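Reviewing the structure listed below.
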Amino acid sequence: MSAADLVRKLPTVFNPRHVEDHKRIIQFNISEPMYAEIENGACRIATGVAVHPDVTLTMTDADLEQLLKGELNGMTAFLTGRLHVDGDILLAQRLGDIFSVGKLA
């Protein structure tokens, strides 16, 4: 399954109790840029680049696949330069709670 396919599946493992009630946008800069828009307890995925994302994650497709499958630790990826984060770093740190990523495998 490709990185884009895994991002498209994020709504199926979305945990709304881990997100405040206001809108959040998470941009994934991979070979096919995509973003998750979280609002009113729901998550939807769109292709392209969001106008004002709260956080942007930039990494290779292979690394994002490993991250979303729970095979790569986000902090390790960040500290080793495999993951670049722009914007709300605290939101980025909570992505493992917001999405049950290990269940995407």
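Overview of values
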read-out	value
S2 being at pLDDT below 95 and either open to solvent by 20 Å² or more (accessible area, probe 1.4 Å) or within 19 Å of D97 (Cβ to Cβ) (or both)	yes
Region 81-101 residues that are more than 13 Å from L57 (Cα to Cα), paired with ones that are aliphatic (A, V, I, L, M) (beta carbon under 6 Å, 6 or more apart)	I98/V19; F99/L10; F99/V13; S100/V13; V101/L68
Test: residue in region 64-73 that is touching a residue at least 40 places away in the same chain (Cβ under 8 Å) and open to solvent by less than 20 Å² (accessible area, probe 1.4 Å)	yes
Flag for S31 being among the small types (G, A, S) and touching a strand residue (DSSP E or B) at 6+ places or on another chain (Cβ under 9 Å)	no
Residue that is nearest to K103 (Cα to Cα) [pool: residues in region 13-26 that are free of Cβ contacts under 8 Å to residues at least 40 places away in the same chain and of a type outside the set (D, E, K, R)]	P16
Filter result for G96 (modelled with pLDDT of 95 or more, surrounded by 15 or more Cβ atoms within 10 Å (Cβ to Cβ) and not aliphatic (A, V, I, L, M))	no
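The values are calculated or read from the model by the stated rules, or taken from the named source; none is laboratory data. Given the structure is predicted, the values throughout are model-derived calculations rather than measurements. Neighbour counts run over all protein chains shown; Cβ positions are idealised from the backbone, glycine included. Note: areas computed on protein heavy atoms with side chains; ligands, DNA, RNA excluded. Shrake-Rupley method; radii C 1.70, N 1.55, O 1.52, S 1.80 Å.
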